[in-house]
Amino acid sequence: MPGRAARLLLGTLFVLFLLFLYGPTLTITILSFQGPDGGLTFPMNGVSLHWFGRLFQTQAVGDLGASMTRTLLLAAMVTASTVVISLAAGMAFRRRFPGSGALFYLTLASLIVPSILVSLGVGLLFNRMEWEPAWYSSAFGAQLTWTLPFGLLIMFAVFNRFDRAWEEAARDMGATPWQSFWHVVLPIIAPSVVGIALFGFTLSFDEFARTLLTAGSGNTLPLEILGMTTTVTTPVLYALGTVSTALSFLVIGGAILGMRLLRRRRGV
Amino acid sequence: MSRWFPWLQAAPLALVLACFLLVPIGLIVVVSFYDYDSFSLIPDFVLTNYREVFASPVTWQTYLKTVWFAGLTWLVTLALGFWLAYYLAFVVQDATWRMVLFVLCTVPFWTSNLIRMIAWVPFLGRNGILNNALVGAGVIEQPLEFLLFSDFAVILAFVHLYTLFMVVPIFNTMMRIDRRLLEAARDAGAGFWQTLWCVILPLCKPGIGIGSIFVVVLVMGDFATVRLMSGGQSASVGLMISNQIGLMQYPAAAANAVVLLAMVLLLVAAMLRVIDIRKEL
């Protein structure tokens, strides 16, 4: 244990880091409520919802409603697929099977390959095959290469701590493999499954590098933001940031709250 | 249970990775040997794309700059991340407080990186909060120009975005250190620094390794942070690739992509020699 002065120093460092972490985002959240004549920085010229209103006029953003719907649908698709695919693969990896080593390294590689390369590769694939890239096909696949490794690693962490006695007990009592999975394994690992879903959602919702070349003609929300950073010089950009952050917190908070309610009802 | 069952369970994962990772990367390698003009790709086997990568001093500088960004960001996030994790694991005594502070460190992960970059604009701009405060306090007379749209801003944004990738794994390994080891070190007469160097640091190596891989890989492949925060005044390999894509020079972009991928894989392989992450899950 370090001395008193050192502890104080580390505490100060920690507080400063939190300020550094949250300060900028809080600042643009405040600035997004800037009055109609306000600029990109302080002072605030009154308080208004002007810039949020501007968001929904077509000249400010391409088409906010459509890109938002697209982003949420894509995130929902990616979340569901990530949960199902990594859950299944996680179950498979509990035992060695021929090729399990290779598949494990391939999954790790998927985490390491820079996003822009996946974007370029999938874009090229669709280009060469003369398929039309779209958010629900090429962008969907490109995003899965990013969310699945996270999902699988969480499953590894879960099963390394899993007590097999529960399953053996289920089997001894005559449960089929499917019954023991559905009634025993799944309820025990449910919190981690929700964790995988949250990872899948947030990684998809905020992704832009992997969708850059693969989203086709319909932009997602992060791509709209990326486009706006070079052209827009009004607080409308901050308003979009605030909306996007609020939306993702709403979904994540909702999921956590839903899980709590579900647990309470089951009396766990 | 049938012998084929695990394969069936792992098949969807294998299929997705084959279609959207293996085949695309293979295609990048193939296209990197293609010829091209301003309208189309010409299937061929030429080395001109690679020759351009290695013959141009500008490209060399861009690669060096990328490594420099990655190295500097790694040093800062490691130093910062280590002490933040140390504070959480060893200084904070109350478990609830520790959890609250840890969660506070990870919340920004759930928000968009782009927005967190944009958030620096009102702070660092010529008439931004920092300059106004400094001028107001009489520290400087002229607003500082280097704050926004500079290498400083790029590194600042990287540190802002990626420090949590260091904090989380290091904190994780620190929490698993048996506290009796620290007591034993003290009883054996080790001081603070000696305990840190001979006990804590070696036991944190896996966490440091995982954090380092994340930070280095994310910075090496970045294009948006460098573009946004340097205001087009600096370059990285990722940005160069994305510019070449914008100009439809796919084979040139592909050649750079292959070189970048080789660099990243070599770096990660070197780091994996030091740690075995499979033990860490």
Exercise for the section: Find the Rg to Rh ratio for chain B, where Rh is the Kirkwood radius over alpha-carbon pairs and Rg uses the same atoms. Expected result: 1.05
Exercise for the section: Averaging over all projection directions, find the projected area of the Cα convex hull of the protein assembly as shown and quote it in nm² with one decimal place. Expected result: 30.3 nm²
Fill in the blank from the handout: Note: A vs B interface, total accessible area buried (1.4 Å probe; ligands, DNA, RNA excluded), nearest 100 Å², is 7600 Å²
Problem - Share of carbon and sulfur in the accessible heavy-atom surface of the stretch B:165-281 [1.4 Å probe, %] - result: 62 percent
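Hey, got the average number of other protein chain Cβ atoms within 10 angstrom for residues in A:90-101? Intermediate results must be reported in sequence, preceding the final value.
Details: counts 3, 4, 9, 4, 2, 4, 1, 7, 3, 4, 3, 0.
Other-chain Cβ atoms within 10 Å of each residue's Cβ, averaged: 4.
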Completion exercise
In terms of the charge dipole of chain B, which places +1 on Lys and Arg and -1 on Asp and Glu at the beta carbon, the residue among B:V30, B:W193, B:S212 farthest towards the positive end is B:W193
Fill in the blank from the handout: Rounded to one decimal in Å, the inverse mean reciprocal Cα-Cα distance for the stretch A:1-111, i.e. its Kirkwood radius, is 19.9 Å
Practice task
Work through the residues other than B:T111 whose Cβ is under 14 Å from its Cβ and net out their charges, Lys, Arg +1 and Asp, Glu -1.
Solution key: -1
Problem - Residue among A:T29, A:T176, A:T211 with the largest mean-square fluctuation in a Gaussian network model of chain A, springs linking Cα atoms under 10 Å - result: A:T176
Problem - Of B:A70, B:A14, B:A133, the one that fluctuates the most in a GNM where chain B has Cα springs shorter than 10 Å - result: B:A14
Handout entry: Cα centre as origin, Lys/Arg/Asp/Glu Cβ charges: the stretch A:63-231 dipole, Debye
Key = 460 debye
Problem - Given charges at Cβ of Lys, Arg, Asp, Glu: chain A dipole, positive-most of A:G23, A:S86, A:M129 - result: A:S86
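Over the stretch A:63-231, what is the relative contact order in percent, taking alpha-carbon pairs closer than 8 angstrom and at least six residues apart? Let's see the in-between values first.
Working: 172 pairs, mean separation 73.9, N = 169.
So the answer I get is 44 percent.
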Problem - Equivalent ellipsoid semi-axes - Cα gyration tensor, chain A, angstrom - result: 39, 27, 19
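Taking each residue in A:19-27, count the Cβ atoms of any other chain within 10 Å of its Cβ, then average. What number comes out? Mind showing how you got there, number by number?
Values: counts 0, 5, 8, 4, 5, 15, 10, 1, 7.
Whole-number average of other-chain Cβ neighbours for A:19-27 is 6.
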Completion exercise
Applying the gyration tensor rule to the Cα atoms of the stretch B:37-149 (axes a ≥ b ≥ c; rounded if a/c under 1.5, else prolate if a/b exceeds b/c, else oblate), the class is oblate
Exercise for the section: Using only alpha carbons, build the gyration tensor for the stretch B:69-209 and give me the equivalent ellipsoid semi-axes, biggest first, whole Å. Expected result: 36, 17, 15
Exercise for the section: Determine, from the Cβ-Cβ distance of B:W68 and B:V103 and an R0 of 51 Å, the FRET efficiency 1/(1 + (r/R0)^6), rounded to the nearest 0.05. Expected result: 0.95
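Find how much the distance from B:I129 to B:D37 grows on full extension, using 0.36 nm per residue of separation minus their present alpha carbon separation; answer in nm with one decimal.
Working: separation 92, 0.36 × 92 = 33.12 nm, distance 4.77 nm.
Answer, rounded to one decimal: 28.3 nm.
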Problem - In Hz, Karplus ³J(HN,Hα) per residue of the stretch B:231-243 (6.51, -1.76, 1.60; θ = phi - 60°; x = Gly, Pro) - result: x, x, 8, 10, 9, 9, 4, x, 5, 4, 4, 5, 5
Practice task
Would you mind telling me which residue in A:F150, A:F97, A:F205 has the biggest mean-square fluctuation in a Gaussian network model of chain A, where springs connect alpha carbons within a distance under 10 angstrom?
Solution key: A:F97
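Please compute the per residue accessible area over the protein assembly as shown with all protein chains in place, 1.4 Å probe, rounded to a whole number of Å².
On the way: 25880 Å² over 549 residues.
Per-residue value: 47 Å².
The values are calculated or read from the model by the stated rules, or taken from the named source; none is laboratory data. Every value quoted in this text rests on a predicted model; they were computed, and no experiment measured them. Here the Cβ is made from the backbone with ideal geometry for all residues, glycine too, and neighbour counts use every protein chain on show. Accessible surface is based on the protein model in full, side chains and every heavy atom, while ligands, DNA and RNA are left aside. Shrake-Rupley method; radii C 1.70, N 1.55, O 1.52, S 1.80 Å.
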